[in-house]
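Input: a single structure, listed below in structure tokens.
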Amino acid sequence: MMDDSQKQKLLDLFASQHVAIISTQGREWPTATMQAFAETPDLELLFIMGDSHKYRNLIERPGVTVEVDDRDKGDIPTFRVNRATIYGTAAEIPRGDHWNVLKDQFIRKNPFEERFFANEALKMIRVTPRHISFAGADYKNFKVAL
């Protein structure tokens, strides 16, 4: 069970970053790519993508791993970097009213991605966390199953 302070550490980290590494499992090997993302208050992560290897992978095998870190702000020599590894289940969000609400949320966080929403083939993916491992720049770590 996650406590409120753990959840807040994750929300703060997610809010401070615009990109994450999402890894999907292909038939032969994993595919890991840097993607812009947005987060919900429930710690779900939102990604947009087209018809790509990673999209086809997650449709066939929805278990994904997402890495979010603040190495851009951290102290690398001492490894004082906040980082979270999210093991979750990915699913496509169907277009409709809820999709539009999430689209607006995604663009508010990542205005540089707005142009991609003109593509009718664009897909929005939700990653629902199942397990999270967090390592803090303060060396305080936690792992939770959700």
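The values are calculated or read from the model by the stated rules, or taken from the named source; none is laboratory data. Computed from a predicted model, the values in this text were never measured in an experiment. Here the Cβ is made from the backbone with ideal geometry for all residues, glycine too, and neighbour counts use every protein chain on show.
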For this session: Test Gln25 against the stated conditions and say whether it is surrounded by 13 or more Cβ atoms within 10 Å (Cβ to Cβ) and touching a Phe, Trp or Tyr at 6+ places or on another chain (Cβ under 7 Å).
Result: no
For this session: Take Leu58 and decide whether it is closer than 22 Å to Pro111 by Cα and touching a residue at least 60 places away in the same chain (Cβ under 8 Å).
Result: no
For this session: For residues that are aromatic (Phe, Trp, Tyr) and under 19 Å from Phe14 (Cα atoms), scanning just the range 44-101, find the one that is surrounded by the most Cβ atoms within 10 Å (Cβ to Cβ).
Result: Phe47
For this session: Kindly provide the set of residues from the range 20-38 that are modelled with pLDDT of 95 or more and outside any strand (DSSP E or B), ordered by number.
Result: Phe37
Seminar exercise, completed: Within the range 39-49, the residues that are part of a strand (DSSP E or B) and β-branched (Val, Ile, Thr) are Ile48
For this session: Search the range 111-139 for residues that are surrounded by fewer than 14 Cβ atoms within 10 Å (Cβ to Cβ) and acidic (Asp, Glu) and pair each with any residue that is in a strand (DSSP E or B) and modelled with pLDDT under 95 when their beta-carbon atoms are under 8 Å apart and the residues are at least 6 apart or on different chains.
Result: Asp138/Arg80
Exercise. Looking at the range 104-138, which of its residues are under 15 Å from Ala90 (Cβ atoms) and polar (S, T, N, Q)?
Worked result: Thr128
